[in-house]
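The values are calculated or read from the model by the stated rules, or taken from the named source; none is laboratory data. Since the model is a prediction, treat every value here as computed from it, not as a measurement. Don't worry about glycine lacking a Cβ; one is built from the backbone with ideal geometry, like all the others, and counts go over all protein chains shown. Note: areas computed on protein heavy atoms with side chains; ligands, DNA, RNA excluded. Shrake-Rupley method; radii C 1.70, N 1.55, O 1.52, S 1.80 Å.
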Amino acid sequence: MQIKSIAILGNPKAGKGKSNHIANWLKEKLHTKNIPSTVYSTNWPTENELNTFSDCWIIGGDGTINYFINNYPNCKLPLALFNGGTGNDFAWKLYGSISIESKFEHVMNASPKRIDAGKVNQYLFINCLGIGFDGEIVQSMNAIRFLGGVIGYQLAVLYKIITFKESKIKIETTDEQWDEKFLLALIVNSPRAGAGFYIAPTAEINDGALNMVLCKKMPVWKRLFYLPIIKKGKHLHYPFIIHRLGKQFSIDIKKELPIQMDGELFHSKRLNVEILPGQFLFRY
């Protein structure tokens, strides 16, 4: 599938406004290759308008790509994602830590490949779904955005490690069930989340399955001890961790909790989660 024309979608709120600079840089690079492009910032195109392009490039972090897939859930265009947000975990999975110049050349020469997405109730997610602890971190972070993304996230994590109280969560798969208090309850499509935590280090984005990672209730001192281990992805063998691959998960919570999907917040007490195999095309 040849690249003939590109819609460049930026998020002016992501990464303290750096997406506009990246968009203009990409447009200039495409001009040197005689490939027409249109930059959309505050007003993104309709689905019909988007389909007049051969490709779509998105600038932002995990929240921006989440916004895209929920506004264009049936998009069939080849996509590319350029870092521009606070959390760039999904972009890391696609491209690693290469420079924007290297990423541009890589995307230009890459063939589109299908990747999976997750669905939770009426929403889509592409990287990570986190219940309770994760949701409360995002909720706290929204109140301290003025400190900056990474610093704000680290402060929110530290605060919640000390103050978070586990809730009872009932989780069912097709053949197993758990009903107890959990510190962490995540269902992920990709290995990394939370700006660098390797929650499910063996996860793949094209295997037709989601990874469930649960961490049982533990006191504050254990949280502080094991957090660096979890960040490095060295935790899956511990007895207080439950790790499963699955296609469907049903989750019931006694009280409504904050839930984050790709860093975006919502509240619920009942979740139906499923995999959408090969839902989107990406050049990576």
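Residues in the range 178-195 that are open to solvent by 10 Å² or more (accessible area, probe 1.4 Å) and in a loop (DSSP other than H, G, I, E, B) were compared, and the one that is modelled with the lowest pLDDT is ALA195. Residues of the range 85-94 include at least one that is closer than 30 Å to ILE251 by Cα, free of Cβ contacts under 8 Å to residues at least 40 places away in the same chain and not in a loop (DSSP other than H, G, I, E, B). Under 16 Å from ILE137 (Cα atoms) and surrounded by fewer than 16 Cβ atoms within 10 Å (Cβ to Cβ): is that true of LEU227 in this structure? So LEU227 fits the description; yes. Considering the range 39-83, the residues that are open to solvent by less than 10 Å² (accessible area, probe 1.4 Å) and in contact with a Lys or Arg (Cβ under 6 Å, 6 or more places away or on another chain) include one that is nearest to ILE3 (Cα to Cα), namely PRO78.
Scanning the range 41-61 for residues that are modelled with pLDDT under 95 and under 18 Å from ALA91 (Cα atoms) yields GLY60, GLY61. Of all residues in the range 235-252, those that are open to solvent by 10 Å² or more (accessible area, probe 1.4 Å) and either under 30 Å from MET108 (Cβ atoms) or touching a residue at least 24 places away in the same chain (Cβ under 8 Å) (or both) total 12. Here ASN70 clears all of (1) in contact with a Ser or Thr (Cβ under 6 Å, 6 or more places away or on another chain); (2) closer than 22 Å to GLY263 by Cβ except the condition numbered (1). Looking only at residues in the range 196-227 that are part of a strand (DSSP E or B) and within 17 Å of the chain's Cα centre (by Cα), the one that is farthest from HIS243 (Cα to Cα) is PHE197.
Give the range 102-130 a look and list any residue that's small (Gly, Ala, Ser), more than 18 Å from LEU257 (Cα to Cα) and surrounded by 15 or more Cβ atoms within 10 Å (Cβ to Cβ), or say none. Let's see the steps before the verdict.
Within the range 102-130, the subset small (Gly, Ala, Ser) is 102, 110-111, 117-118, 130.
Restricting the remaining residues to those that are more than 18 Å from LEU257 (Cα to Cα) gives 102, 110-111, 117-118.
Selection gives ALA110, ALA117, GLY118.
The conditions of being part of a helix (DSSP H, G or I), β-branched (Val, Ile, Thr) and either under 19 Å from the mean Cα position of the chain (by Cα) or within 30 Å of LYS103 (Cα to Cα) (or both) are met by ILE230.
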